[in-house]
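*Asks:* Structure provided below as structure tokens; questions to follow.
The values are calculated or read from the model by the stated rules, or taken from the named source; none is laboratory data. Here the structure is a predicted model, which is why all the values come from computation and not from measurement. Every residue, glycine as well, gets a Cβ built from its backbone with ideal geometry; the counts of neighbours run over all protein chains shown. When the accessible area is computed, the model is the full protein with side chains, heavy atoms only, and any ligands, DNA or RNA have been set aside. Shrake-Rupley method; radii C 1.70, N 1.55, O 1.52, S 1.80 Å.
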Amino acid sequence: MLAVISKRNEGYEARFKRHFAHQVEEVWSYLVENDKLRQWFPELQVADLREGEVIRFHMGDDRFEEMNILSFASRSVLEYTWGEDRVRFELTPEPGGSRLLLVESLGKLTDHTPRDLAGWHVCLEVIKALLEGRPVEGRRSQWEERYRDYSQLVNDIR
């Protein structure tokens, strides 16, 4: 399911909703434990998981971008800066598993927006595959297909 993109008073919002047939604790571990985080987003690293601290984005070589943790509630909320934007994960228990809501708050839509949205979409698919013990294959082709979809969505909103 593609994200829903909507106009807000200040910018835009992309909302990804996913149901996982896994408990909150299992899904949460993929968002915050470096060994599991590395499996779906190898550039991210958590050092000190609490509000006011940072998540590091490895830019290559020895360069890192620090993203500030804006909101944190263990096993339920993780929000941090993403360049000029924000990314928020919300986890809630549901019958038969849990619901993950990923919200990217965007100041403006740019030519790069569909790239990020396609990336988040594929990341969520990878988390699902990892939770289910399935191999992760074809990330690039999945991303290319989703990039086309999100390019169209973004163009429709502009």
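*Asks:* Give the accessible surface of the chain per residue, rounded to a whole number of Å², with probe radius 1.4 Å and ligands, DNA and RNA excluded.
*Replies:* 55 Å²
*Asks:* Give a residue-ordered list of calculated ³J(HN,Hα) values for the stretch 109-118 (Karplus: 6.51 cos²θ - 1.76 cosθ + 1.60, θ = phi - 60°; whole Hz; x for Gly, Pro).
*Replies:* 8, 10, 5, 7, 3, x, 5, 5, 5, 4
*Asks:* Quick one: accessible surface of Thr113, probe radius 1.4 Å, all protein chains present, in square angstrom to the nearest 10.
*Replies:* Surface open to solvent at Thr113 totals about 10 Å².
*Asks:* To the nearest 500 deg cm²/dmol, what mean residue ellipticity at 222 nm is calculated for the chain from DSSP H runs of n ≥ 4 alone, each contributing -39,500 (n - 2.57), summed and divided by the residues? Kindly include the intermediate steps, with their values, before the conclusion.
*Replies:* Working: 4 runs with 54 residues, N = 158.
Only helices count here, giving -11000 deg cm²/dmol.
*Asks:* Grab the other residues whose beta carbon is less than 9 angstrom from that of His19, score K and R as +1, D and E as -1, and report the net. Could the numbers behind the result be given before it?
*Replies:* Values: positive: Lys17, Arg18, Arg99; negative: Glu94.
Local net charge: +2.
*Asks:* If I build a Gaussian network model for the chain, linking alpha-carbon pairs within less than 10 angstrom, which residue out of Val32, Val87, Val136 has the largest mean-square fluctuation?
*Replies:* Of the options given, Val136 has the highest mean-square fluctuation.
*Asks:* So what does log10 I(q)/I(0) come out to for the stretch 98-158 at q = 0.14, 0.16, 0.29, 0.30 Å⁻¹, using the Debye formula with one equal point on every Cα and no solvent?
*Replies:* Once normalised to I(0) and log-transformed, intensities are -0.45, -0.57, -1.22, -1.25.
*Asks:* If you don't mind, there's one more thing I want to ask. Pop out the Kirkwood hydrodynamic radius of the stretch 13-52 from its pairwise C-alpha distances, inverse of mean 1/r, in Å to one decimal.
*Replies:* 11.7 Å
*Asks:* Something else about it: Report relative contact order for the chain in percent, whole number only (criteria: Cα-Cα under 8 Å, sequence separation at least 6).
*Replies:* Relative CO of the chain lands at 23 percent.
*Asks:* Considering all projection directions equally, how large on average is the shadow of the alpha-carbon convex hull of the stretch 71-135, in square nanometres? Walk me through the intermediate numbers first.
*Replies:* Working: hull surface 21.6 nm².
Spelled out: convex hull of the Cα atoms, projected over all directions, averaged, 5.4 nm².
*Asks:* Same structure again: Can you grab the distance from the C-alpha centre of the stretch 67-82 to the C-alpha centre of the stretch 102-158, Å, no decimals?
*Replies:* Between the Cα centre of the stretch 67-82 and that of the stretch 102-158, the gap is 20 Å.
*Asks:* For the chain, set up a GNM with springs between Cα atoms under 10 Å and report which of Arg38, Arg15, Arg140 has the largest fluctuation.
*Replies:* Arg140
*Asks:* Now for a different question. In whole percent, how big is the carbon plus sulfur part of the accessible area of the stretch 66-158, probe 1.4 Å, protein atoms only?
*Replies:* Details: 2080 of 4690 Å².
Exposed carbon and sulfur together represent 44 percent of the surface.
*Asks:* What list of ³J(HN,Hα) values in whole Hz, one per residue of the stretch 78-83 in order, does the Karplus curve 6.51 cos²θ - 1.76 cosθ + 1.60 (θ = phi - 60°) give from phi, with Gly and Pro shown as x?
*Replies:* 9, 10, 8, 5, 9, x
*Asks:* Additional query: If you build a Gaussian network model of the chain, linking Cα atoms that sit under 10 Å apart, which residue out of Glu125, Glu94, Glu84 swings the most?
*Replies:* Result for the chain, Cα springs under 10 Å: Glu84 fluctuates most.
*Asks:* Here's another thing I want to ask about it. Please report, in whole Å³, the volume per residue of the convex hull around the C-alpha atoms of the chain. Spell out each step's value before the answer.
*Replies:* Numbers: hull volume 19.3 nm³, N = 158.
Hull volume over Cα atoms, normalised by residue count, gives 122 Å³.
*Asks:* Over the chain, how many pairs of lysines fall under 19 Å by alpha carbon, counting only those 8 or more apart in sequence or from different chains?
*Replies:* Working: Lys7/Lys17; Lys7/Lys108; Lys17/Lys128; Lys36/Lys128.
The number of close lysine pairs in the chain is 4.
*Asks:* Please turn the phi angles of the stretch 61-68 into ³J(HN,Hα) values with the Karplus equation 6.51 cos²θ - 1.76 cosθ + 1.60 (θ = phi - 60°), one per residue in order, whole Hz, x for glycine and proline.
*Replies:* Result, rounded to whole Hz: 6, 10, 9, 10, 9, 9, 10, 6.
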